[in-house]
1. If you take the residues of segment 345-364 that are surrounded by fewer than 20 Cβ atoms within 10 Å (Cβ to Cβ) and among the hydrophobic types (A, V, I, L, M, F, W, C), which of them is nearest to ligand 2 (Cβ to nearest atom)?
2. Check off (1) at pLDDT 95 or above; (2) open to solvent by 80 Å² or more (accessible area, probe 1.4 Å); (3) hydrophobic (A, V, I, L, M, F, W, C) for residue 1 and give me the number that stays unchecked.
3. Would you pick out the residues in segment 234-249 that are under 19 Å from residue 64 (Cβ atoms) and either among the hydroxyl-bearing types (Ser, Thr, Tyr) or within 16 Å of ligand 2 (Cβ to nearest atom) (or both)?
4. Any idea which of 337, 342 is away from ligand 1 (no atom under 16 Å from the Cβ), among the aliphatic types (A, V, I, L, M) and either free of Cβ contacts under 8 Å to residues at least 24 places away in the same chain or buried (at least 22 other Cβ atoms within 10 Å of the Cβ) (or both)?
5. In the set 198, 176, which member is among the aliphatic types (A, V, I, L, M), under 28 Å from residue 2 (Cα atoms) and more than 16 Å from ligand 1 (Cβ to nearest atom)?
6. Say we look at segment 4-35 and pick out the residues that are open to solvent by less than 70 Å² (accessible area, probe 1.4 Å) and of a type in the set (Phe, Trp, Tyr); which of these is farthest from residue 47 (Cα to Cα)?
7. Filter segment 54-72 down to the residues that are aliphatic (A, V, I, L, M) and open to solvent by less than 60 Å² (accessible area, probe 1.4 Å), then identify the one that is farthest from residue 293 (Cα to Cα).
8. Looking only at residues in segment 304-326 that are more than 17 Å from residue 258 (Cβ to Cβ) and of a type outside the set (A, V, I, L, M, F, W, C), which one is farthest from ligand 1 (Cβ to nearest atom)?
Amino acid sequence: MACWDPRTEEMPKAELDKVQFKLLKTQVYRLYSFSDFYRARMKAAGVTPDDILTLDDAVKLPFMNKKDLRDSYPDKIFTAPKRELIRYHASSGTTGKPTIVGYTRRDIDLWAESLGRGMVSAGLGAEDVIQVANTYGLFTGGLGFHYAAERIGAAVVPASTGSTERQIQMIQDLGVTAMAATPSYMMYVGEVAEKMGVDLKGTTLKTGLLGAEPWSDKMRDRIQNQYGVRGINCFGASELSGPLWTECSEQCGIHVWSDIALMEVIDPESGERVAPGERGELVLTMLQKEAFPIVRYRMGDLTTMEDDKCSCGRTHPRLMRITGRVDDMLIIRGINVFPSQVEYCLNTNPEVGNEFQIVVERKGALDEMLVKVELKQEAFTDDIIKLNAVRERIGNKLKNTLNVGVKIELVGPGTLPRFEGKAKRVLDKRVI
Ligand code: AMP
Ligand code: ZN
């Protein structure tokens, strides 16, 4: 099976550990020396770079979480000078402001290298035509897959999201062999193709680079059996560098390159590491990133990892399916949505009362989000024109904040359920 960088990918585990340790140590020294934020954090945890004597000493380093990123808006924890930055991306924050991530030239380069390696491990290469149906822009998906596909010499069709009929036309006309998308969008492409009288199985499209949202092996089988598309699971997050890792052709877990990141899975309560195969929260440290490295970042994703050698010959550990979250983050059409963002946004409207409820459903292949909003007594009127104007304004504000379209239903005061304990504001009816 083809390898992009066989020396690194198939490096014996003991040697790979040494490489990883050296990278970790270098990163920790750099951050301790040059970043006030990281130095203060390490001091508070009573650890200095000199205490990192083995790879396992990584557990002495303090965790980071989404709050740290929120508090640092827009660039307080960047660790490269501004003149060295060549790009910014952004992702959903937990309230009004997004999280901003800056990149140096080397950061962009390593990102393409990491994902490119993954694409080759999934059997792709210079002969392929890869249609990128992820959003281009502040989100990392589009440009992430784009640069990696170019890196391995494939031809890129930068289709971005939407215009599904045109996407299907291009698959046929350009001989597209692989498509990067969310798994639910891949299903939707299949459904639209059927309606257009196009049998995807009869086209050149054979591989789906699918991720950005939870999906199951059942869904993978459906995509494979109905549309003839091999679903390759891909993982990344905008805090790290967008899509970074994929499964190899064996399709048995995502290879997280040990020279790019240190992967850990911890018990979310105690913070202690759990054994390979045991479920816990994913924690990642970016080992070579310059502008926005993040150390022991708690991703909030619940998963397991495997540490044994893959049957493909690669020695790097594998990230298995993401099966849940430790927090209340929702992923709607591949986009992260926090109920706290919805609440923050609703509260900027004077007509809105105390309660709201988010209902998420999968209609056909795609997610739909409905927000039921309780109005204050004085705003609850039988003047339809007024109500429609309020609904439209709230809908637009939410769309701008969340980057995803939302349906709004205005309801009278006191009609939504009340809770004695923690409010349960999300009704997620999706089966994946
Ligand atoms: P973003 O920062 O918008 O790229 O979102 C990152 C989050 O998307 C991750 O923390 C996961 O919760 C989710 N995610 C990304 N890829 C996958 C995947 N393959 N399976 C399940 N969840 C995923
Ligand atoms: Zn493998």
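The values are calculated or read from the model by the stated rules, or taken from the named source; none is laboratory data. On a predicted model such as this, the values are computed, not experimentally measured, just so you know. When we count neighbours, we look across all protein chains shown, and the Cβ atoms used for this are built from the backbone with ideal geometry, even at glycine. Protein only, heavy atoms only, side chains kept; ligands, DNA and RNA dropped before computing areas. Shrake-Rupley method; radii C 1.70, N 1.55, O 1.52, S 1.80 Å.
1. Step by step, filter segment 345-364, then rank; the result is 360.
2. So residue 1 meets the others, but not (1).
3. 235, 238, 241, 244
4. Result of the check over 337, 342: 342.
5. One residue alone meets the criteria, 176.
6. So the residue we want is 21.
7. Looking at the filtered set, the residue picked out is 55.
8. 311
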